[in-house]
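Everything below concerns the one structure shown next.
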Amino acid sequence: MNNLTLAIADYDRVSALADGRVKPEGFDLDVQTLAPSETFYRMLKEDAFDISEMSLSSFLIAREQGKEWTAIPVFPYRTAFHVNVYVNETAGIVDPGDLAGKRFGLTEYQVTAALWARGVLQHEFGLDLREVEWFVERSQALSHGGETGFVPPPGIRITEIGPDDTLAAMVVDGRLDAVLPSPYPRMASRLNRTDEAELARTPGVARLFPDPAAEVDRFFDKYGYLHLNHTVVIQNRVLHELPDLPQRLMAAFTQAKDLAYDGLERLRKSSLVSGALLVEAQRRRYGDDPFPYGLAANRNALEALVGYSADQGLIASAPPVEELFGESTRDT
């Protein structure tokens, strides 16, 4: 088994794997660049790839259901998802507590971005999730939840919107009061209908947090991490033949990420206004490695995520975070 498929999104942190500048030791990677939602759906439905990016929320659910995957502590995407909530400006939502009694749209309920956003709104701002009427954009047939047998937790009301509607259209015309769109507006997928970049420019719609950068800083100052969205999973059938694959993949992902950091210097000559200042500000805030891999550097974030998943009824109990990853990579 010398050629393995890897499905992952088009991040600069993995582009060196996709274009061949980084080659894992001992095997070749056939890298398929896909929107995350498409990758997750195909893995959950048919185990379509040898290695893939995977939603942490869906991974926790699938793992509990006995899915034959092993994760490595590589986290290719992170942000603070609660700052990506948009509201209709006429809905009377001034602060997060005003979401009680409102209609809130999501791509689907079990996705990691929604899990993080709900957890923060509940535990940081006191929102009772049972007091919100939830709407989802993805149909059951094309959803991650459809492949894991998701049912709404007790006390949670969820309505699927029509196939010709979008979260964007419904928040603009007032049928929804707030929405959390997909964080990947430029990664096309048949599963997503709403483009966050377009929503951000739409009159009559505003962010729940009017100064999102300040809220990200507040959260990071308090907790010391940003929200982990995805990990990387390997089919156990592959590990039977290549037991040292997790360590080799960790090394390759780390090398590719380091090359991406080197590429940040190009922003000094790019079309991004004040690119050099932005790079310097990021280094002051997050250090030289804003996307750390490994269990130790991400333990607090993982424990929070697992706790949110159990608290919100997506998994039956919260496993120790050590058990989520292959033993050989836990101390990497």
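The values are calculated or read from the model by the stated rules, or taken from the named source; none is laboratory data. Values in this document were obtained by computation on a predicted structure and should not be read as measured data. Heads up, the Cβs are rebuilt from the backbone with ideal geometry, glycines too, and the neighbour counts pull from every protein chain shown.
One residue stands out in the stretch 65-120 among those that are of a type in the set (Ser, Thr, Tyr) and touching a Lys or Arg at 6+ places or on another chain (Cβ under 8 Å): the one that is farthest from residue 175 (Cα to Cα), namely 107. Scan the stretch 164-181 for residues that are outside any helix (DSSP H, G or I) and closer than 12 Å to residue 106 by Cβ and the total you get is 5.
Kindly list the number of the only condition in (1) part of a helix (DSSP H, G or I); (2) closer than 30 Å to residue 66 by Cα; (3) β-branched (Val, Ile, Thr) that fails for residue 216. Result: residue 216 fails condition (2) only. Among residues of the stretch 130-174 being over 22 Å from residue 99 (Cβ atoms) and of a type in the set (Val, Ile, Thr), the one that is nearest to the chain's Cα centre (by Cα) is 148. Hey, can you tell me all the residues within the stretch 130-171 that are in contact (Cβ under 8 Å) with a residue 40 or more places away in the chain and hydroxyl-bearing (Ser, Thr, Tyr)? Those that are in contact (Cβ under 8 Å) with a residue 40 or more places away in the chain and hydroxyl-bearing (Ser, Thr, Tyr): 143, 148. Checked against (1) in contact with a helix residue (DSSP H, G or I) (Cβ under 6 Å, 6 or more places away or on another chain); (2) part of a loop (DSSP other than H, G, I, E, B); (3) at pLDDT below 95; (4) not basic (Lys, Arg), residue 209 meets all criteria but (3).
Of the residues making up the stretch 298-332, those that are assigned to a loop (DSSP other than H, G, I, E, B) and modelled with pLDDT under 95 are 326, 330, 331, 332. Each residue in the stretch 67-93 was checked for being assigned to a loop (DSSP other than H, G, I, E, B), of a type in the set (Val, Ile, Thr) and within 16 Å of residue 211 (Cα to Cα), and 2 of them qualify.
Can you give me the number of residues within the stretch 115-163 that are outside any helix (DSSP H, G or I) and among the basic types (Lys, Arg)?
2
Of the residues making up the stretch 128-144, those that are at pLDDT below 95 and either surrounded by 13 or more Cβ atoms within 10 Å (Cβ to Cβ) or more than 20 Å from residue 60 (Cα to Cα) (or both) number 7. When the residues of the stretch 1-30 are filtered to those that are surrounded by 19 or more Cβ atoms within 10 Å (Cβ to Cβ) and β-branched (Val, Ile, Thr), the one that is nearest to residue 292 (Cα to Cα) is 14. Taken over the stretch 117-127, the residue count meeting the criterion of being within 20 Å of the chain's Cα centre (by Cα) and surrounded by fewer than 19 Cβ atoms within 10 Å (Cβ to Cβ) is 3. Of all the residues in the stretch 94-114, those that are surrounded by fewer than 21 Cβ atoms within 10 Å (Cβ to Cβ), touching a residue at least 24 places away in the same chain (Cβ under 8 Å) and part of a loop (DSSP other than H, G, I, E, B) number 4.
Look at (1) under 21 Å from residue 83 (Cβ atoms); (2) surrounded by 14 or more Cβ atoms within 10 Å (Cβ to Cβ); (3) not assigned by TED's automatic domain parsing to the domain that holds residue 119 and you find that residue 245 fails only one, number (1). Does the stretch 252-264 include one or more residues that are in contact with a strand residue (DSSP E or B) (Cβ under 9 Å, 6 or more places away or on another chain) and either outside the structural domain of residue 324 (by TED's automatic domain parsing) or surrounded by 12 or more Cβ atoms within 10 Å (Cβ to Cβ) (or both)? The answer is yes, given that some residue of the stretch 252-264 is in contact with a strand residue (DSSP E or B) (Cβ under 9 Å, 6 or more places away or on another chain) and either outside the structural domain of residue 324 (by TED's automatic domain parsing) or surrounded by 12 or more Cβ atoms within 10 Å (Cβ to Cβ) (or both). Looking only at residues of the stretch 32-43 that are surrounded by fewer than 24 Cβ atoms within 10 Å (Cβ to Cβ) and of a type outside the set (Val, Ile, Thr), we find that the one that is farthest from residue 8 (Cα to Cα) is 42.
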